[in-house]
Structure formats: C-alpha cells, structure tokens
Amino acid sequence: MLVKSRMSKYPLTIGPDESLSDAHHYMREQKVRHLPVVQSDEKMLGLIAEDDLLKAEPSSATSLSVWEIHYLLMEVKVKAVMVKDVITTTEDTPIEEAAHLMLENKIGCLPVIRDDKLVGIITESDIFRTFMELFAAREKGLRITLECPNKAGELAKITQAVADEGGYISACGTFQIDDTTKGGVVLKVRNVDSEILSNALSKIAGAKIIDIRKT
C-alpha cells in the first residue's frame with residue numbers, strides 16, 4: 001500500500017499573507033489541525049499546525065483586552081510563524097515508511113509533493129484508519145493472537161489449519177516479541193467456531209494461543 005492510496009488528494013491550504021486569526025478560524029471551521037502554506041501556483045512554502053497557532057497566541061496571563069488580542073492576531077501573518085523546513089513525502093512512498101517518518105520526527109502529517117508542488121497530505125489519522133483496515137477492526141469475526149517458532153513455514157501451518165476448518169482469514173499481521181526465537185501473529189478469521197479453531201491451532205507444534213475472542 002502506497003501513500004497515494006490513503007492521502008487526501010485535495011488538502012485544504014492557506015496563503016502566506018493570511019492572518020493567524022483567519023488561520024485559526026479556518027482550522028476550526030474545517031476541523032483540521034494542519035494547513036500547508038502555498039503560493040498561487042501550488043508550490044508549498046511551509047506548514048502551519050494548530051500547535052503553532054497556540055504558541056503564537058498571547059499568554060492567558062496577559063493584560064491585553066480581548067479586542068487587543070484579536071487585533072494582534074489579525075496583524076500577524078501566517079508566514080511569520082509557519083514551519084519552513086517541512087518534512088514531506090511522495091505518492092509512491094510505502095505507507096509504513098511514511099508512518100515511520102512521522103513517528104521518528106514526532107510530527108502529525110506529511111505533505112505529499114510532486115515536482116515541487118503539493119498534491120496531497122497524509123496525516124496520523126489516515127495512518128490509524130489504515131491500521132484498522134489492515135486488521136479488519138470493523139469486521140466481525142474471531143481475533144486470534146498466537147506465538148509460533150520464528151522460522152520458515154510456520155505461518156503457512158497456521159493459515160492451513162484455518163483453511164482446513166473452513167475459516168476465512170480477513171486480516172493477518174505479524175509482530176516482534178521479546179523471545180527472538182519466536183514471532184507473534186494476529187489473525188482475523190470468519191466462518192469458523194471459536195472452539196473448533198482453537199483446537200486446530202493448538203495441534204500445531206510450537207504454536208501457542210495467547211488470546212482468542214469474538215469481535
């Protein structure tokens with residue numbers, strides 16, 4: 001799965017000469033937390049986030065009146081507080097690489113660039129939705145977590161056991177555990193009874209069911 005399949009293709013943007021007050025209002029109105037700052041030709045100049053606006057606002061301890069604060073926010077332009085060195089990605093980047101980039105840099109979004117122009121944006125919310133899809137979180141079925149030997153052919157044994165009982169695997173993922181000789185597996189399975197499947201999986205040498213539940 002690539003970034004282009006989950007990014008927002010027509011992201012909301014703002015111009016560099018808009019006021020902070022307008023940016024704040026726009027974010028609240030559109031229910032977004034990030035706004036790429038672009039020129040008229042869609043070339044990106046920077047990024048402004050909700051946190052940037054909060055940092056730029058006067059402290060609650062200020063002696064300024066609400067009207068004075070509003071005036072100041074109308075006077076300060078987006079270009080004065082936007083992040084200029086923005087971390088970006090491309091449409092053909094694997095989505096797990098985009099997620100890793102966000103995690104490593106502690107950022108909530110990645111503008112998507114093609115030929116120096118903004119063509120989309122992918123946010124942490126898009127990553128979370130993708131995670132839910134990969135694990136079929138909204139589908140009913142059996143959610144099974146297992147440990148098995150960390151060697152070739154073990155996953156095939158598990159999937160074969162599910163198939164032999166007439167089960168349908170709608171999602172499958174692996175994860176690391178402390179014991180490096182073993183690996184973790186998470187399955188979402190439909191069309192099979194919990195007890196029947198549990199018995200079948202328990203017969204696989206080296207496999208251990210950690211959790212099995214209906215969702």
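The values are calculated or read from the model by the stated rules, or taken from the named source; none is laboratory data. Remember, predicted model here, so these are calculated numbers, not experimental data. Here the Cβ is made from the backbone with ideal geometry for all residues, glycine too, and neighbour counts use every protein chain on show. Remember, those area values only see protein heavy atoms, side chains included, never the ligands or the DNA or RNA. Shrake-Rupley method; radii C 1.70, N 1.55, O 1.52, S 1.80 Å.
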Checklist entry - In a shell of Cβ-Cβ distance under 14 Å around Asp211, excluding Asp211 itself, what net charge do Lys and Arg (+1) and Asp and Glu (-1) give? => result +4
Next on the checklist: Quick check: net charge around Arg190, other residues with Cβ under 10 Å of its Cβ, Lys/Arg +1 and Asp/Glu -1?
Outcome noted: +1
Checklist entry - Ignoring ligands, DNA and RNA, what percent of the 1.4 Å accessible area of the chain is carbon and sulfur? => result 50 percent
Checklist entry - When all protein chains stay in place, what accessible area (Å², nearest 10, 1.4 Å probe) is found for Asp211? => result 40 Å²
Checklist outcome for this item: Between the alpha carbon centres of the range 148-195 and the range 1-49 the gap in Å comes to 42 Å
Checklist entry - In nm, what is the difference between 0.36 nm times the number of residues separating Arg138 and Tyr10 and their Cα-Cα distance? => result 43.4 nm
Checklist entry - How big is the C-alpha Rg of the range 98-215 next to the rule-of-thumb value 2.2 N^0.38 Å, as a ratio? => result 1.33
Next on the checklist: Let me spell out the model: positive unit charges on the Cβ of Lys and Arg, negative unit charges on the Cβ of Asp and Glu, origin at the Cα centre of the chain. What dipole size does that give, in debye rounded to 20?
Outcome noted: 780 debye
Item to check | Accessible surface, 1.4 Å probe, highest first, among residues Ser40, Ser170 | outcome: Ser40, Ser170
Item to check | Within the range 119-196, trypsin sites (Lys or Arg not before Pro) in DSSP loop having at most 16 other beta-carbon neighbours inside 10 Å | outcome: Arg138, Lys140, Lys151
Next on the checklist: For the chain, report the % of Cα-Cα distances exceeding 20 Å.
Outcome noted: 67 percent
Item to check | Accessible area of the chain divided out per residue, in Å², using a probe of 1.4 angstrom | outcome: 62 Å²
Checklist outcome for this item: Counting all Cα-Cα pairs in the range 115-170, those more than 19 Å apart amount in percent to 55 percent
Item to check | Residue-span extension gain [Ala163 to Phe131] - 0.36 nm each, minus C-alpha spacing | outcome: 9.1 nm
Next on the checklist: Leaving ligands and nucleic acids out of the surface, order Ser5, Ser198 by accessible area at 1.4 Å, largest first.
Outcome noted: Ser5, Ser198
Checklist entry - Rounded to the nearest 500, what is the chain's calculated 222 nm mean residue ellipticity when only DSSP H runs of at least 4 contribute -39500 (n - 2.57) each, over all residues? => result -10000 deg cm²/dmol
